[in-house]
Amino acid sequence: MVQVAIIGGGVIGCAVGLELARRGTQAHVIDRNGEVGHGSTSASCGIVRRFYSTRTMTGMAHEGAAVWADWQSYLRAPDGADLARFERPGMLFIPPAIDDRVRGIVAHMRELGVKVEILTPAEVAERFPFMDIASHAPVRDPNDEDFADDTGREIAGAVFEPDAGYVVSPLIAARDLRSAGEREGVRFHLGCGVAALRAGAAPGPRFRLTLDDGSALDADVVVNVAGPHSSLVNRMAGVELPIETRPLRREVCAVGNPTWSESDGSTIPVVGDLDSGIYFRPESGGRDLIVGSLDPACDTFEWVDDPDALDPSCSVAAHERQVMRLMKRLPEVRFGPRRGIAGLYDVTPLDWNPIIDKTDTPGYYVAIGTSGSSFKTAPVIGQVMAELIGACEAGRDHDADPLHVILPRTGFDLDVSFFTRLRSARPSTGTVIG
Ligand SMILES: Cc1cc2nc3c(=O)[nH]c(=O)nc-3n(C[C@H](O)[C@H](O)[C@H](O)COP(=O)(O)OP(=O)(O)OC[C@H]3O[C@@H](n4cnc5c(N)ncnc54)[C@H](O)[C@@H]3O)c2cc1C
């Protein structure tokens, strides 16, 4: 039986392992941490929406949403299992303009069967009365003397996906995938990282992996799913890709949710607010809100050279920036003590889309550069990678004859070459919208 070594036990590595096992392959998931999901997955906000700038990502996200909505049966988990939950308060997306581009994305979402509406500013105010509908664009730093100025304009409107939401919690979802994988034969090697990766001695397996404790694992196929460590793992393997991936520091802060009450809970949807440069969603059963950045032009990207040197605490500057921007959209929010976490995106700076591909090294595959938005599609990436490995190992030249996968829940025809390492720059927002 083909032995596949998966380097990284985040939500995507665990999904790849499960999908390979379902296709009769012996998968080994290796993670340096003692439990799965403790890399960038554990910092994830777990937001599941379909609003992306490209048709491919929208289609993939729609399939992802269908999997999260049917999580127990996807996992084939026993009744009563305590699993991650998909909370669906809807998602309101506030773009800078409701223009042809936005209308085109919405039309495509509708073609795919996604429930979606375009709301006028008045409709936003009526449905979400706790939201101030003033426009704050261009987004400013709180230290900018014009930060508090009234622009005298309203937002252009918003796109509302009523059944979007977030998964509680990404860490539990990774653990669910581990349990499902173990039931179906995936072997997990935890608490010990991959320290070296060399070509094996012919005619044996193609690769020999040396773990931190000196033990070795032989494999015919290796998959790099190491998240923010992806470029380090490629370097260790001697694999150079034509496009790079880089870790980017991200911070997510928590504040009290002003709409929460004991009787009604929270009434706030997930909000992606490009007009204010932030996104936010309910947390802790709705008692809190968590707020992250949508990378407005006035902010500086914090690229990280060493992902192991991450300080996981929320900085004073990010807390101030994100909470003060939130206070403009939700005037009842109070600043409060500094709470939050920092994590890392693994970004493909070229276009903020993942790289899901084979490489020029036979048997070495990558599902990396997920650019802060691939929690929602993790189970789909697992399926796509398993299909890709199956096709390429059977002799298909995916570079010349790109694989298509018909996604089973939505019927979306996914052209896997969208994620090729060989692509050149395509139009991108340079954010998690792709
Ligand atoms: C703050 C934040 C918010 C986010 N919010 C969202 C969101 O709302 N919606 C969404 O869809 N996505 C979101 N994302 C993105 C999403 O979480 C990631 O795309 C996804 O979790 C990546 O999963 P992964 O398995 O590829 O990586 P990881 O979870 O990082 O897993 C990689 C694993 O590789 C292991 N590893 C690394 N090197 C080695 C080695 N040498 N040997 C062995 N193991 C190794 C690490 O220990 C780690 O566990 C967010 C990300 C962050 C950081």
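The values are calculated or read from the model by the stated rules, or taken from the named source; none is laboratory data. Quantities reported herein were computed from a predicted structural model and do not represent experimental measurements. Because the Cβ atoms are built from the backbone with ideal geometry, glycine has one as well, and the counts that use them run over all protein chains shown.
Collect the residues in segment 34-62 that are within 11 Å of the ligand (Cβ to nearest atom) and in a helix (DSSP H, G or I), keeping them in residue-number order.
Ser40, Thr41, Ser42, Ala43, Met57, Met60, Ala61
So which residues in segment 246-261 are more than 9 Å from the ligand (Cβ to nearest atom), hydrophobic (A, V, I, L, M, F, W, C) and surrounded by fewer than 23 Cβ atoms within 10 Å (Cβ to Cβ), if there are any at all?
Passing the criteria: Ala254, Trp260.
Take the conditions at pLDDT 95 or above, part of a loop (DSSP other than H, G, I, E, B) and not basic (Lys, Arg) and apply them to Ile290. Does it pass?
no
Might you let me know whether segment 266-274 holds any residue that is within 11 Å of the ligand (Cβ to nearest atom), farther than 30 Å from Asp308 by Cα and among the β-branched types (Val, Ile, Thr)?
Yes, segment 266-274 contains a residue that is within 11 Å of the ligand (Cβ to nearest atom), farther than 30 Å from Asp308 by Cα and among the β-branched types (Val, Ile, Thr).
Sort out which residues of segment 196-250 are basic (Lys, Arg), over 21 Å from Val16 (Cα atoms) and touching an Asp or Glu at 6+ places or on another chain (Cβ under 9 Å), and write them in order of number.
Within segment 196-250, Arg246, Arg249, Arg250 qualify.
Of all residues in segment 223-254, count the ones that are aliphatic (A, V, I, L, M) and over 19 Å from Asn33 (Cα atoms).
So the count comes out to 7.
Got a sec? Which strands (runs of 3 or more DSSP E) wholly within segment 329-376 have at least 2 residues that are hydroxyl-bearing (Ser, Thr, Tyr)?
364-368
Within the bounds of segment 192-209, is there any residue that is under 30 Å from Ala425 (Cα atoms), more than 14 Å from the ligand (Cβ to nearest atom) and not in a helix (DSSP H, G or I)?
Checking segment 192-209: not a single residue is under 30 Å from Ala425 (Cα atoms), more than 14 Å from the ligand (Cβ to nearest atom) and not in a helix (DSSP H, G or I).
Within segment 122-160, track down each residue that is of a type in the set (Lys, Arg) and either closer than 17 Å to Glu332 by Cα or surrounded by 14 or more Cβ atoms within 10 Å (Cβ to Cβ) (or both).
Passing the criteria: Arg127, Arg140.
Please enumerate the residues belonging to segment 385-424 that are in contact (Cβ under 8 Å) with a residue 12 or more places away in the chain, within 22 Å of Thr25 (Cβ to Cβ), not in a loop (DSSP other than H, G, I, E, B) and not acidic (Asp, Glu).
Matches in segment 385-424: Met385, Ala386, Leu388, Ile389, Gly390, Ala391, Cys392, His404, Val405, Leu414, Val416, Phe419.
Quick check: is even one residue across segment 96-111 surrounded by 20 or more Cβ atoms within 10 Å (Cβ to Cβ), within 15 Å of the chain's Cα centre (by Cα) and at pLDDT 95 or above?
Looking for residues that are surrounded by 20 or more Cβ atoms within 10 Å (Cβ to Cβ), within 15 Å of the chain's Cα centre (by Cα) and at pLDDT 95 or above, one finds none in segment 96-111, hence no.
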